[in-house]
Amino acid sequence: MKMSRMFGTTLRQAPADAEIASHQLLVRAGFIRQLGAGIYSLMPMGWRSVDKIEDVMRQEINAIGGQELYMPVVHPADLWKETGRWFQIGDEMSRFHDRKGHDMVLAMTHEEVVADLARREIQSYKQLPMLVYHIQTKWRDDPRPRAGLIRVREFTMKDSYSLDADEAGLDKQYRAHYQAYFNIFQRCGLSVVAVKSDVGMMGGSLAHEYMYLTAAGEDTLLLCDKCSYRANRQIALFRKPKPDDEKAAKLEKVPTPNTATIEDLANFLKIPKSKTAKALFMVAKLNEGEKETEKLIFAVVRGDMEVNETKLANAVKAKELRPAHAEEITAIGAVAGYASPIGLKGALVVVDDLIPLSPNLVAGANEKGHHFLNVNYDRDYRADIVADIATAEEGYACPRCGAPMHTSRGVEVGNIFKLGTRYSAALGANYLDESGNEHPIVMGSYGIGSGRLLACVAEEHHDEKGFIWPVSVAPYDVHLLALRGGQEQAEALYGQLRQAGLAVLFDDREESPGVKFNDADLIGLPIRLTVSERSLKEGGVELKLRSSSEKSSVKVEDVIKEVGRIKGQLLAEINEKVVAVSFEE
RNA sequence: CGGGGUGUAGCGCAGCCUGGUAGCGCACCGCGUUUGGGACGCGGUGGUCGGCGGUUCAAAUCCGCCCACCCCGACCA
């Protein structure tokens, strides 16, 4: 490609609203342009990189038996009503009517369509297992898109779907993806960790997220260096401290003026926060059969801990949680800031499993300015549900080995889910086993967002001047610069390099050397060739890798071979890192 | 949806407080000089000042409403 003809120019300054490096550089280098909030065009160079990423995904998914197909972006709503998600999913799914007035949806994901296809195509256990996938547009009307391509509303995703006769088959395909995903990220030059994650709206029994660790990430992860336990904070377990071994003391109401926060209360009574109980009011949306109901949740954790909303939602099987309004709290006789589960009616009381083990806590008295001392579970109150609902924090003990865990921020670049039979059962996607008995097909789903992956690779591989693309993701292999006195020779090389199967970006513009060098650094192709009067005088063509500051001179007749050799070497370096990983449940 | 912020040329910004001819840098076009790390000179092109309404002789500027975009929280690849 000749740069003089390239659609999309480089910018000296990034738009003011771009904050993180990948966003700024992708815009400056001319890879992406914004159309609206969370809506981007991929310019020719950005598209080439995405195309290469998607090619890697194809190779790896094909290698584990995937068959590529293509499913629509617009779905009749009936299908989503059949599985119930039409009713479960909120505004994140965009809906519209066609000209006949039928409900339609824009696809957020494709479990429904796959299950629908499966119920038509699969009749027998002899047809299983099966793996299908596509690379397709998804629309998710995210309330808050941000950070360039990291989080957008329209994006393309490689999503694969496994179909099996039983759990064992699913497990096999799940493990195959577990490895294939590591291969994909590694081949794109991105280091990731797999963490256990919440199954969320997808339903199912087991899920992992692939996380690229970066401060720009939105998820918090808990990582144990000692035993390699890794989990998203949303579900991360931890070994809870052993409470003091004390005899239950007498319940006592004491005045505690102006102590609406745990901090103030602990200071006032001169006790550690761990000797208090913290209350939180949430309202849960629950599905009871067809009906949707709301229920006030009274959650209790020890004062030194925080309630984990994901764990809480899972404990009460809520589809959604929101903070309770003030009126809802007073309606059950509780007083915000001085609330306690003692003597409450009408709320679903959920206490963290550490609470029943912790004697003599300080809890609210449901009276402004008063608390109870020596509150003991069982003797003074009972909960409807006892479960782990506390949030894991930096330094908390690993649930597996007890070592202190640390936290890190991460971007979710992919995930894998064991779906089970949720969709197949709902849609009647069944098969007959050897004895002629009917069973629902066991499904799994596996996704990687290609634009987000590009953004993460961009985030990982750059310096202050621009990108340093891994050769597997770079839009071109070679950046060929023609400077004064080298135009003719460069033009000839441009043809020869392409003839040799190399992807070349040829800077044939009438710009000053400084502009060309800076643009080359910004765009960040792996290999730079400079042809000029000076280089020719020094014996040929100057060769420099973007990743190194060393320059060398290559004879004109050796350039093709040398560039081919280096490209091969760069690829080999990346592929060396593609190794078998052990599966961490 | 809550909190904060910004909308003036393709990008970055000034002008607004105190109403009166819309400006600067970069980019872009023409001519000339220059040519290995974001060159220089001369001459140019380009703006419904986010939108609608109001106040006023007069609005980028004052007032109201709306919209868009960004950042921080509740959601996700």
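The values are calculated or read from the model by the stated rules, or taken from the named source; none is laboratory data. Predicted model only: the values in this text are computed from it and were never measured. Cβ sites come from the backbone with ideal geometry, for glycine too, and all protein chains shown count toward neighbours.
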Whichever residue in the stretch A:210-253 is of a type in the set (D, E, K, R) and in a strand (DSSP E or B) and, among such residues, is nearest to RNA strand B (Cβ to nearest atom): A:Asp219
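Out of all the residues in the stretch A:399-418, which are over 30 Å from A:Gly169 (Cα atoms), more than 16 Å from RNA strand B (Cβ to nearest atom) and surrounded by fewer than 23 Cβ atoms within 10 Å (Cβ to Cβ)? Write out each step before concluding.
Keep residues of the stretch A:399-418 that are over 30 Å from A:Gly169 (Cα atoms), which gives A:401-410.
Still in the running and more than 16 Å from RNA strand B (Cβ to nearest atom): A:401-406.
Hits for the stretch A:399-418 are A:Cys401, A:Gly402, A:Ala403, A:Pro404, A:His406.
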Pairs with Cβ under 9 Å, 6+ apart, first in the stretch A:185-200 and at positive phi, second among the acidic types (Asp, Glu): A:Gly189/A:Glu460
Some residue of the stretch A:361-377 being within 24 Å of A:Val316 (Cβ to Cβ) and surrounded by fewer than 17 Cβ atoms within 10 Å (Cβ to Cβ): no
Residue that is at positive phi and touching a residue at least 40 places away in the same chain (Cβ under 8 Å), where the choices are A:Ser228, A:Ser205: A:Ser228
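Just checking, which of A:Lys240, A:Lys278 is crowded, with 20+ Cβ neighbours inside 10 Å and among the charged types (D, E, K, R)? It would help to see each step written out before you state the result.
Working: A:Lys240 fails: crowded, with 20+ Cβ neighbours inside 10 Å.
The conditions single out A:Lys278.
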Among residues of the stretch A:51-82, those that are more than 16 Å from A:Ser160 (Cα to Cα) and modelled with pLDDT of 95 or more, counted: 2
So A:Ala334, is it modelled with pLDDT of 80 or more and surrounded by 17 or more Cβ atoms within 10 Å (Cβ to Cβ): no
Among (1) touching a Lys or Arg at 6+ places or on another chain (Cβ under 8 Å); (2) under 15 Å from A:Arg187 (Cα atoms); (3) part of a loop (DSSP other than H, G, I, E, B) - the single one A:Pro470 does not satisfy: (1)
Listing of strands (runs of 3 or more DSSP E) fully contained in the stretch A:274-328 that carry 2 or more residues being at pLDDT 80 or above: A:277-288, A:291-302
Subset of the stretch A:434-456 (residues that are away from RNA strand B (no atom under 13 Å from the Cβ) and out of contact with any Ser or Thr (no Cβ under 7 Å at 6 or more places or on another chain)): A:Glu434, A:Ser435, A:Gly436, A:Asn437, A:Glu438, A:His439
Residues within the stretch A:145-172 that are more than 14 Å from the chain's Cα centre (by Cα), within 16 Å of RNA strand B (Cβ to nearest atom) and among the acidic types (Asp, Glu), tallied: 1
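Having 1 or more residues that are among the charged types (D, E, K, R), within 16 Å of RNA strand B (Cβ to nearest atom) and more than 41 Å from the chain's Cα centre (by Cα) is the bar; report the strands (runs of 3 or more DSSP E) wholly within the stretch A:480-585 that clear it. Before you say what the answer is, go through the steps one by one.
On the way: elements: A:504-507, A:527-531, A:541-545, A:551-554.
Passing ranges, in order: A:541-545.
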Pair list, Cβ under 6 Å, 6 or more apart: the stretch A:552-578 residue surrounded by 16 or more Cβ atoms within 10 Å (Cβ to Cβ), other residue assigned to a helix (DSSP H, G or I) and of a type in the set (Lys, Arg): none
Evaluation of A:Leu213 against (1) surrounded by 19 or more Cβ atoms within 10 Å (Cβ to Cβ); (2) hydrophobic (A, V, I, L, M, F, W, C); (3) within 17 Å of the chain's Cα centre (by Cα) (one fails), failing number: (1)
Cβ-Cβ under 7 Å pairs, at least 6 apart or on other chains, the stretch A:502-516 side more than 19 Å from A:Pro475 (Cα to Cα), far side outside any helix (DSSP H, G or I): A:Pro513/A:Leu483
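Taking the stated definitions as given, is A:Asp141 assigned to a loop (DSSP other than H, G, I, E, B), within 10 Å of RNA strand B (Cβ to nearest atom) and not small (Gly, Ala, Ser)? Steps first, please.
Values: assigned to a loop (DSSP other than H, G, I, E, B): yes; within 10 Å of RNA strand B (Cβ to nearest atom): yes; not small (Gly, Ala, Ser): yes.
So A:Asp141 fits the description; yes.
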Test result for A:Ile355, within 30 Å of A:Gly90 (Cα to Cα) and either more than 16 Å from RNA strand B (Cβ to nearest atom) or touching a helix residue (DSSP H, G or I) at 6+ places or on another chain (Cβ under 6 Å) (or both): no
Which listed residue, of A:Pro257, A:Pro323, A:Pro356, is over 34 Å from the mean Cα position of the chain (by Cα), touching a residue at least 24 places away in the same chain (Cβ under 8 Å) and closer than 24 Å to A:Ala392 by Cα: A:Pro356
Out of A:Leu427, A:Leu453, sole residue that is among the hydrophobic types (A, V, I, L, M, F, W, C) and in contact with a Lys or Arg (Cβ under 8 Å, 6 or more places away or on another chain): A:Leu427
